[in-house]
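Chemist: One structure, as structure tokens, below. Some questions next.
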Amino acid sequence: MFMKLMNALAVAGLFVTGSYPKCLSEEFLYCSKSNVEVQYTDNTGKIVINNAEEKVAAAFRYLVEKFRAGNVTNVKRVWTTNNSNSGEGTTLTGSYPGDNFIDYISIDGYYFGTAQSWSSWNSFEEVFRDAYDAISKFQKPMFIAKFSSSELGGNKAEWIS
């Protein structure tokens with residue numbers, strides 16, 4: 001059984017101001033007493049003000065250290081990037097917090113087909129290739145965490161299979 005904890009993006013803004021979210025204490029307590037394996041996940045930041053890549057990476061490391069300090073050992077740490085990061089100053093790997101803080105790496109992919117003026121129909125491989133190539137260098141087990149496809153401009157079922 002997996003449970004997703006607070007995303008580091010939500011923590012990044014509080015982390016940089018020195019605030020500590022009360023709900024994290026409750027999550028640590030739950031995890032330390034639970035028999036479930038917990039999935040902690042994160043996405044690359046796009047909003048430069050609070051979720052700049054270095055802030056997101058620092059927030060991820062902060063949360064991992066909190067789990068370690070609380071001797072919570074049943075948490076699997078998953079770092080996730082999006083299949084394309086279009087925010088100014090972002091990359092596919094810039095928020096990676098380091099090998100010592102990650103158990104798995106993953107990719108989220110949301111494909112728009114021809115639903116947007118800036119998008120066109122591409123294969124599943126074309127959508128995920130850049131992110132796959134970028135994060136393969138981390139030598140961690142990898143999976144596709146989430147994906148979705150528009151039905152406009154092609155065959156959604158064919159794209160998924």
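Read-outs: derived from the displayed coordinates by stated rules, not from any lab. What you are looking at is a predicted structure, and each value in this text was computed from that prediction instead of being measured. Here Cβ is always computed from backbone atoms with ideal geometry, including for glycine, and neighbour counts include all displayed protein chains.
Chemist: What FRET efficiency comes out for the pair S117/R68, r = Cβ-Cβ distance, R0 = 45 Å, nearest 0.05?
Modeler: Details: r = 47 Å, r/R0 = 1.03.
E between S117 and R68, to the nearest 0.05, is 0.45.
Chemist: In addition: Considering only Cα-Cα distances, which of the following residue pairs are longer than 30 Å: K66/K146; K55/K156; K55/K76?
Modeler: In this structure, K55/K156 lie more than 30 Å apart at Cα.
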